[in-house]
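K.L.:
Pasting a structure below so you can have a look.
The values are calculated or read from the model by the stated rules, or taken from the named source; none is laboratory data. Since we're looking at a predicted model, the values are computed, not measured. Virtual Cβ from ideal backbone geometry, glycine too; neighbours counted across all protein chains shown. Heavy atoms of the whole protein, side chains included, go into the accessibility calculation; ligands, DNA and RNA do not. Shrake-Rupley method; radii C 1.70, N 1.55, O 1.52, S 1.80 Å.
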Amino acid sequence: MARGIRGIAMGAALVLGLTACSDGSGGSGDPLGGPAAAPFNPSQVAQALPSKLSAPQGWEGGEQNVIDGGKALEACQDAGALSCVGLTAMGETEYDAEASSGREVTFGLLAYDSVDNAKVGMKTLLAEGRDKDGATSKPLALDAGADEGEAYTKEAEATAVLRVGTVVAWVSGSELSAPGDLQPFARLQTDRIKVSATGKNPDA
């Protein structure tokens, strides 16, 4: 699987073998109950990405990579697996388990200029990778508090694709296929998007 913005920028298509499974949250786009309908600027994308400070005990946060404007559009078009209409910025980072080199979580964000374009972006991302190459994925029940969300497991990997307002997020973990393993990371990502939508820094 090519994961993260680095893979996109190199022209590798995102593969997300998704099987439909709603996160069942019915969540709103921000902590106050309204949708996070305003577009994110690059600074908000960086704030919304999980940081080194927010890494849970036993995990180490990596560097953040954010691209916007023409660079983001070019990377999106090179990938071929994404809807580029209205895309304004992309971001990616990673957590690694300190005690096990095989356990890692990749976080990626796609920021759009409207909720409608974000919805299309999420649908395109899911449709492109669903059970790709004949590999069978299994639905994963996950409540991340997003406006929309689907998750699956495949062998030793688990992936969630989420939408909060104008932002589409994917959270993909290696060696995290047990029920509940991905849940706290998906919730962390959703919560950070919601806080960033209010103009606040989640690490403050």
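K.L.:
In the stretch 193-204, which residues are assigned to a helix (DSSP H, G or I), of a type in the set (S, T, Y) and open to solvent by 10 Å² or more (accessible area, probe 1.4 Å)?
P.N.:
As a first pass, look at the stretch 193-204 and keep what is assigned to a helix (DSSP H, G or I): 193-197.
Cutting the leftovers down to of a type in the set (S, T, Y) gives us 196.
Matches in the stretch 193-204: none.
K.L.:
Hey, another quick one. Conditions: (1) at pLDDT 90 or above; (2) within 12 Å of the chain's Cα centre (by Cα); (3) within 22 Å of V120 (Cα to Cα). T159 meets all but one. Number of the miss?
P.N.:
Every condition holds for T159 apart from (1).
K.L.:
Can you work out which of the residues in the stretch 80-92 that are at negative phi and free of Cβ contacts under 8 Å to residues at least 60 places away in the same chain is surrounded by the most Cβ atoms within 10 Å (Cβ to Cβ)? Full working, then the answer.
P.N.:
Within the stretch 80-92, the first condition is being at negative phi, and the residues that meet it are 81-85, 87-92.
From what's left, free of Cβ contacts under 8 Å to residues at least 60 places away in the same chain: 83-85, 87-89.
Details: S83: 21, C84: 19, V85: 15, L87: 23, T88: 19, A89: 25.
Applying the filter and picking the extreme gives A89.
K.L.:
I want to confirm something. Restricting to the stretch 109-133 and keeping residues that are charged (D, E, K, R) and modelled with pLDDT under 70, which single residue is surrounded by the most Cβ atoms within 10 Å (Cβ to Cβ)?
P.N.:
Step one: of the stretch 109-133, the residues charged (D, E, K, R) are 113, 116, 119, 123, 128, 130-133.
Remaining after also requiring modelled with pLDDT under 70: 128, 130-133.
On the way: E128: 19, R130: 15, D131: 13, K132: 16, D133: 7.
Filtering the stretch 109-133 for residues that are charged (D, E, K, R) and modelled with pLDDT under 70, the one surrounded by the most Cβ atoms within 10 Å (Cβ to Cβ) comes out as E128.
K.L.:
Here's a follow-up. Tell me which residues, restricted to the stretch 157-184, are touching a residue at least 40 places away in the same chain (Cβ under 8 Å), more than 19 Å from Q44 (Cα to Cα) and open to solvent by 10 Å² or more (accessible area, probe 1.4 Å).
P.N.:
E157, S174, E175, Q183, P184
K.L.:
Return a yes/no flag: does the stretch 55-74 have any residue that is among the aliphatic types (A, V, I, L, M), at pLDDT below 95, open to solvent by 30 Å² or more (accessible area, probe 1.4 Å) and in contact with a strand residue (DSSP E or B) (Cβ under 9 Å, 6 or more places away or on another chain).
P.N.:
Yes.
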